[in-house]
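The values are calculated or read from the model by the stated rules, or taken from the named source; none is laboratory data. All of these numbers come straight from a predicted model, not from anything done at the bench. Ideal geometry is used to build each Cβ from the backbone, glycine not excepted, and the neighbour counts take in all protein chains shown.
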Amino acid sequence: MAQEENKLYNPNWAKHGYIQVYTGNGKGKTTASLGLCMRALGRNWKVLLVMFTKGGDNYGELISFKKLSPEINDNLTVVQAGLDRIVYSDNINKNDETEIQKGWKVVKEAIRNNAYNLIIMDEANIAIDLGLINLDDVVETLKSKPEEMEIVLTGRNAKQEIIDIAHLVSKIEPVKHYWDTGVVAREGIEY
């Protein structure tokens with residue numbers, strides 16, 4: 001009976017799409033979104049993964065995606081919207097902005113056309129924080145998303161305006177990290 005009452009209260013709960021944010025200074029934001037990506041693909045969802053600030057092909061997830069079955073891979077679109085380097089506030093150049101804007105255009109068009117069930121905007125919070133994507137444009141675009149579309153934004157420094165419109169926000173904070181002892185990024189774990 002309780003399940004029946006829940007259906008009456010919110011009959012389309014399973015079809016409603018939410019805005020999720022994974023932010024904070026801890027490790028695991030992209031990893032969480034990639035787990036969600038695989039889960040959605042396993043349910044035959046169409047998924048768009050836009051990797052802001054990330055170019056190059058030395059990411060384990062990209063290698064894995066190429067090896068997915070054709071049935072699963074047909075539902076996945078990956079767009080890299082960044083150069084093959086890490087972007088910081090002191091090394092941004094026009095090429096970074098151009099690449100990131102290309103990725104943002106893909107996201108906006110996908111939202112407008114209702115082309116995917118899930119859109120993951122990996123490291124979008126960083127691109128927004130660095131001023132490479134206009135915050136107001138992102139907020140207005142997210143507010144106009146199709147009802148059933150799920151959208152995920154990852155990256156440090158999520159803006160309060162994004163947090164305010166999100167339905168789920170996870171702040172991942174470091175308690176202890178092996179990097180603090182001098183361990184460098186490891187293939188298969190960090191990339």
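Worth pointing out:
- Exclusive hit being touching a Phe, Trp or Tyr at 6+ places or on another chain (Cβ under 9 Å) and at pLDDT below 95, set Gly55, Gly60: Gly60
- Some residue of region 32-45 being under 16 Å from Asp129 (Cβ atoms), modelled with pLDDT of 90 or more and under 16 Å from the mean Cα position of the chain (by Cα): no
- Of the strands (runs of 3 or more DSSP E) contained entirely in region 13-93, those carrying at least 1 residues that are without any contact (Cβ under 8 Å) to a residue 60 or more places away in the chain and either more than 15 Å from Leu118 (Cα to Cα) or polar (S, T, N, Q) (or both) fall at 76-81.
- Some residue of region 79-89 being more than 26 Å from Lys145 (Cβ to Cβ), touching a Leu at 6+ places or on another chain (Cβ under 6 Å) and not hydroxyl-bearing (Ser, Thr, Tyr): no
- Residue check, Glu190 of a type in the set (Asp, Glu) and touching a Leu at 6+ places or on another chain (Cβ under 8 Å): no
- Qualifying positions in region 170-191 - closer than 25 Å to Gly56 by Cβ and under 19 Å from the mean Cα position of the chain (by Cα): Ile172, Ile189, Glu190, Tyr191
- Residues of region 138-156 that turn out to be over 30 Å from Ala14 (Cβ atoms) and either in contact with a Phe, Trp or Tyr (Cβ under 7 Å, 6 or more places away or on another chain) or surrounded by fewer than 13 Cβ atoms within 10 Å (Cβ to Cβ) (or both), as a count: 0
- From Ile100, Ile120, Ile128, residue being more than 17 Å from Leu83 (Cβ to Cβ), crowded, with 23+ Cβ neighbours inside 10 Å and free of Cβ contacts under 8 Å to residues at least 60 places away in the same chain: Ile128
- Answer residue from region 103-117, given it is surrounded by fewer than 24 Cβ atoms within 10 Å (Cβ to Cβ) and among the small types (Gly, Ala, Ser) and is farthest from the chain's Cα centre (by Cα) among those: Ala115
- Of all the listed residues (Gly188, Gly182, Gly103, Gly131), the sole one being at positive phi and at pLDDT 95 or above is Gly131.
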